[in-house]
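These notes are about the structure you will find just below.
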Amino acid sequence: MSLLGPCRCDAILDGAEPQDGPSLMERLDPRTRVILAVLFALVVVTVDALAALALALGVAVLAAALARLPLGLTLRRLLALEGFMVAVLLLLPFTVEGRVVAEPLGFAASAEGLRQACVIALRANAVAVALLALLGSMDVVRLGRALSRLGAPRRLVHLFLFTIRYIDVLDREYRRLRLAMRARAFRPAAGLHCWRSVGYLFGMLMVRSLERAERIDAAMRCRGFTGQFPSLEDDDIRPPGALDWGLGAVSAVMLALVVGLGV
């Protein structure tokens, strides 16, 4: 996978049928999508009304439909989020003080705790679906270029691109080290030897990562790297057009409705 090539393969991995022509989200300027994602997340995390958060989730689902997100892949990603949050959501009704509405197994569940759990669930899912629709359907190179055009620090953009490019390489390196440990009869345990071996594993992974980073840096300098990634394609980040302004205005109205319901 090249840094200069598109990295989107969601539809292929999910087994979805290819769609005819670009979706509405794909026709938007990448900078517009980044700005809308940031504004949506900021608005959602500042409101607490259930009606406002339900409306925000509906807007996010509409954006996902406009982006033609593969249903199976989107649900799997959301299930991963729900699995992380389920413990917190189950504990909140029993840890927040307030009016008792139920006492299962002798434990008092408060109405305030139930409401707080609903707020967290709606808020997290609304932001997650919106980010998948606006940013998850964009290849990482266009996203990095959009961040750079919006004034993000160049080093931060480079760090983002290199992380996406080489995280799989580091994962393969980690698996090779784990395989070597198993070949030497290493078995996880609670003893001091086990923890020392795990420390050596991550230390060696760090050393090999630094060595690889030095080799990559030297190779790029030998090829005339000047701190910018030239694109092999025509610059598709153009001035915002009528579609960008129109969808931006509609999004502003919807966000105003969310804020109004949350007041």
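What follows is calculated from the coordinates using simple rules that are stated; it is not laboratory data. Source: prediction; values computed, not measured. Note that each Cβ is placed from the backbone with ideal geometry, even for glycine, and that neighbours are counted across all protein chains shown.
Globularity index of segment 154-222 is 1.39 (Cα radius of gyration / 2.2 N^0.38 Å, N = number of residues). Footprinting exposure proxy ranking of Met220, Met206, Met25, fewest other C-beta atoms within 10 angstrom first, gives Met206, Met220, Met25.
By other beta-carbon atoms within 10 Å, ranking Arg145, Arg175 with the fewest at the front produces Arg175, Arg145. Put simply, when 39-46, 130-137, 197-204 are sorted by average Cβ atoms within 10 angstrom per residue, most first, you get 130-137, 39-46, 197-204. With a/c under 1.5 counting as rounded, go ahead and sort segment 102-194 into rounded, prolate or oblate using the C-alpha gyration tensor (a ≥ b ≥ c being the square roots of the eigenvalues; past the cut-off, prolate if a/b is larger than b/c, else oblate). Because a/c hits 1.5 or more and a/b fails to exceed b/c, segment 102-194 counts as oblate.
Applying D = kT/(6 pi eta Rh) to segment 118-172, where Rh is the Kirkwood radius over alpha-carbon pairs, T corresponds to 4 °C and eta to 1.567 mPa s, the Stokes-Einstein value obtained is 100 µm²/s.
The ranking of His193, His158 by Cβ neighbour count inside 10 Å, starting from the fewest, reads His193, His158.
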